[in-house]
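*Asks:* To start, I am sharing the structure in question, which I have written as structure tokens.
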């Protein structure tokens, strides 16, 4: 029994030494500050209890850019929105890994040759293709404004008929979705009157919902929104499948779905 205890003690010491030797890394002078936390788990407990409060408190103490440690993983947090553009343009940053992980875990699809797709798409926005595309965009944008005004007139007529005199408001994001996003959507993918789910406002609505829900796990209250997220994901999958079957010639072989 004593020998077993000694062996276990030696094993524990070896594991701790191995951790500090191979996994644990110390902060370099040129790296963002790391908030204090548990010597082994790092900031995992603080982050799990309430991530949003922890991030705001750390920002108040150490600044806009800092690194949190979750066991042996180090995550750098940038809370200054004015620096996002500069960081995104850095060639050292590769977002392919997280993009593939999120697309697979949330939407169950994978982009096939994303860089090649972007390169080929860039060829179609030059020269005569650019002029034609801008003409189509202008037509769709004009039609979008006509549709918005038509819906506004219908609402006003209904309010007058029902004797309502209260102000009706609409957000800037919703207005842009009905006009700019709608025109851009139809310019890129074309317009199909027969597909109910192939409608920019429907796509924007469900994608916006998923975008909001993806942020909720940080606050620890995303469970109640899972059914809505599943429904929105299914609608986006239907739209993507429609795009895949509608595009001929194999040029738009973008999506690979897991059924």
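The values are calculated or read from the model by the stated rules, or taken from the named source; none is laboratory data. Because the structure is predicted, anything quoted here is derived from the model rather than measured. Note that we place each Cβ from the backbone using ideal geometry, even for glycine, and neighbour counts take in every protein chain shown.
*Asks:* For region 81-132, name all the residues that are touching a strand residue (DSSP E or B) at 6+ places or on another chain (Cβ under 8 Å) and either exposed (fewer than 12 other Cβ atoms within 10 Å of the Cβ) or over 20 Å from residue 65 (Cα atoms) (or both).
*Replies:* Within region 81-132, 84, 99, 100, 103, 104, 108, 109, 110, 111, 112, 117 qualify.
*Asks:* Farther than 30 Å from residue 32 by Cα and in contact with a strand residue (DSSP E or B) (Cβ under 6 Å, 6 or more places away or on another chain) - does that describe any residue in region 65-74?
*Replies:* No, region 65-74 has no match at all.
*Asks:* Separate question: For region 1-104, which helices (runs of 4 or more DSSP H) that fit wholly inside it have 1 or more residues that are outside the structural domain of residue 207 (by TED's automatic domain parsing), within 30 Å of the chain's Cα centre (by Cα) and farther than 30 Å from residue 210 by Cβ?
*Replies:* Of the helices (runs of 4 or more DSSP H) lying wholly inside region 1-104, those with at least 1 residues that are outside the structural domain of residue 207 (by TED's automatic domain parsing), within 30 Å of the chain's Cα centre (by Cα) and farther than 30 Å from residue 210 by Cβ span 51-62.
Let's see how each residue does on (1) assigned to a helix (DSSP H, G or I); (2) in the same structural domain as residue 118 (by TED's automatic domain parsing); (3) surrounded by 14 or more Cβ atoms within 10 Å (Cβ to Cβ); (4) modelled with pLDDT under 85:
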site	(1), (2), (3), (4)
177	yes, yes, yes, no
183	yes, yes, yes, no
196	no, yes, no, yes
207	yes, yes, yes, yes
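*Asks:* Go through the residues of region 66-76 one by one and say whether even a single one is touching a helix residue (DSSP H, G or I) at 6+ places or on another chain (Cβ under 9 Å), surrounded by 12 or more Cβ atoms within 10 Å (Cβ to Cβ), without any contact (Cβ under 8 Å) to a residue 24 or more places away in the chain and farther than 30 Å from residue 111 by Cβ.
*Replies:* Scanning region 66-76, I find no residue that is touching a helix residue (DSSP H, G or I) at 6+ places or on another chain (Cβ under 9 Å), surrounded by 12 or more Cβ atoms within 10 Å (Cβ to Cβ), without any contact (Cβ under 8 Å) to a residue 24 or more places away in the chain and farther than 30 Å from residue 111 by Cβ, so the answer is no.
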